[in-house]
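Worksheet: one structure, shown below.
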Amino acid sequence: MAHLIVDALNLEDVSADEIDPDTIMFDDDGLGLDSIDALEIAVAIAEQFDVHLSAEDEATRDVFATLGSLTAHVMQEVDARP
Amino acid sequence: MPVPDSLSRIVEREGSAPFAFVAETNRTLTVGEFAADIAACADSLPSSRFAINVCTNRYRFAVAFFAAATRGQINLLPSRRDAAALDALRRDYGSSVTLSDQPADSGDAAVTLTPGGHGTAAIPELSHAQLTAIVFTSGSTGAPRPHAKTWGLLDHFRTVHWRYLRRSLGVAPHQMGLVATVPPWHMYGMEWSLLLPTVAPVTLHCGADFFPHDVTAALSRFDLPTVLVATPTHLRALLTSAPPTKPVAATLSATAPLSDDLASQVEAFAGGRLVEIYGASEIGSLAIRHPLGEDAAWRFFDCFDVAIDNGRLTVTTPHLPEPVTLQDRFEQTAQQGFVLRGRATDVVKVGGKRESLANLNAALLAIPGVEDGLVYDPERVGMPATGRLGAIAVAPELDARSIRAQLAQRVDSAFVPRTIRLVPALPRDDTSKLALRALRQLLADANLEQAE
């Protein structure tokens, strides 16, 4: 998941191994990502995992908080498939 | 010129007409119910000269916007909504109340009403002379630039927009559904999602319409022809999801040029007509074109007088105190249309926001420890376009990450460079200018080094 984010966003001077699962992503003190990035991440996740994030879902804000929470959510969606 | 004391209703439609579909309650509300919600919200507002409207839900934003207006309050619509930006706004504007649907502190006025929970009411009127809103664009050294909007201007523009959209549609449907991915606190979103349904037979979708899956679900939910109001960024993302179950009557795109390639893909994906809008926050939407039409040139709305001088366009309208010269370069076609020829100034555009490179460079150089440096648009120095900016800096004591963190404090997040290369010196010439060729070489070398 860290690789997907680094690739999707061209985070050149952040390597995937460096992103702590608990780093707040959308915060100037964390990775400093914004809503355009959220869109890019959602597209990358849809393409790679066929999981579609929804902002209508109250939980999405929490899901996007950290790399760890995003990964957990996507894996849960993948596992829930019949 | 509008008569100073002329009035018009907030919604120029029948009280029984459908106005908004509110996703959280799964109900379509009428114009009359919207008016009642506005009245209920207005009653709950404390007295204040300014209302900082930071509601995130589109319906509550609309209710708060007009509630403040009916109380004579001026909506302040910041583009940055972080705590520091809001504090600065409160300091600058003195008497203000913050209208929020997710109140963070006790000083905020809570806009947490139940949509449609207040019966129906008559539609209120506003004076054309009333200052309704101030929208902000990012400015130099972090201070946002205000752009005042009177009700007269908004009222005039909304009728013009609907007239042009109706023409684009050919035969306008009886009633349409509208889904917007753009926030209503930016001019484009305000005009085409919040104001259009106040004059056009349009039901506004009010949900979290952001991710591709949400947008197609919202479009498919309507049992009506639909209009999609989006940006090239959102449209590109949308192409990755399944198309809506019914074709879209019209797709609007603004904030950045739409490539011919993306235009064709979007039209194939959504069906219907693709309509591109050109605008500037200091005025609003200015021109329209049909990228895949026979004549794809820009047509300025007939409410503007347009003068062209050496590629620079100056627009005048009775609703603006003075003429505005646009930051893009245009060329006039034989058929009175205009073709966009790139930006005339050092302005860069990211995520629909404009900023001058001079301001960004000043912000970079203001960081303690940065001795020299500049911000660049990769596309303009012959590198692959990433949609984000890059920077090159001489800062022996700092690393890229700390420079980025410092810049994030000073400029809108959209303009914080993604790539920051540190170099020992910039190859400036005797007039301390940096030749484009020298910059390209420097970046090529720095990128090579990074890759090794």
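Taken together, the values in this text are just the output of simple stated rules run on the coordinates, not laboratory data. What you see is a predicted model, and the numbers here were worked out from it, not measured in a lab. Cβ sites come from the backbone with ideal geometry, for glycine too, and all protein chains shown count toward neighbours.
Descriptive notes on the structure:
- Percent antiparallel among DSSP beta bridges (both partners in segment B:348-451, rounded to 5): 65 percent
- Directionally averaged projected area (convex hull, Cα atoms, the protein assembly as shown), nm²: 26.3 nm²
- Two-decimal Rg to Rh for chain B - Kirkwood Rh, Cα set: 0.98
- Projected-area average for segment B:144-253 over all orientations - Cα convex hull basis, square nanometres: 7.3 nm²
- Ranked by the mean number of other Cβ atoms within 10 Å of their residues, highest first, the peptides B:316-323, B:221-228, B:200-207 come out as B:200-207, B:221-228, B:316-323.
- Rounded to the nearest whole Hz, the Karplus-based 3J(HN,Hα) values (6.51 cos²θ - 1.76 cosθ + 1.60, θ = phi - 60°) of segment B:43-60 follow the sequence 4, 8, 7, x, 5, 5, 7, 10, 10, 7, 8, 10, 4, 9, 6, 4, 5, 5, with x at glycine and proline.
- Qualifying aspartates and glutamates (Cα of each under 13 Å from Cα of B:Lys149; at least 8 residues distant if same chain): B:Glu191, B:Glu282
- The DSSP beta bridges internal to segment B:13-343 are antiparallel in roughly 50% of cases.
- Within a straight-line Cα-Cα reach of under 18 Å, B:Lys246 can be paired with the following aspartates and glutamates, leaving aside sequence neighbours fewer than 8 residues apart in one chain: B:Asp209, B:Asp214, B:Asp223, B:Glu267.
- Projecting the Cα atoms of B:Thr30, B:Ala268, B:Pro396 onto the dipole axis of the protein assembly as shown, where Lys and Arg carry +1 and Asp and Glu carry -1 at the beta carbon, places B:Thr30 farthest toward the positive end.
- GluC sites (Glu not before Pro) within segment B:241-331, DSSP loop, no more than 11 other Cβ atoms inside 10 Å: B:Glu294
- Cα-centred dipole magnitude for segment B:13-343, charges only on beta-carbon of K, R (+1) and D, E (-1), debye, nearest 20: 80 debye
- DSSP bridge orientation in the protein assembly as shown - percent antiparallel, rounded to nearest 5: 55 percent
- Over all Cα atoms in segment B:348-451, the spread is summed up by Rg and Dmax: 12.8, 36 Å.
- Coupling constants for segment B:299-316 follow from the phi torsions by the Karplus curve (6.51 cos²θ - 1.76 cosθ + 1.60, θ = phi - 60°), and in residue order they are 10, 6, 4, 6, 7, 10, 9, 10, 10, 10, 9, 6, x, 9, 9, 10, 10, 10 Hz; glycine and proline get x.
- Cα lying deepest toward the dipole's positive end in the protein assembly as shown, options B:Tyr188, B:His161, B:Val375, charges on Cβ: B:His161
- For segment B:31-85, diffusion coefficient by Stokes-Einstein and Kirkwood Rh (Cα), 37 °C, 0.692 mPa s, µm²/s: 284 µm²/s
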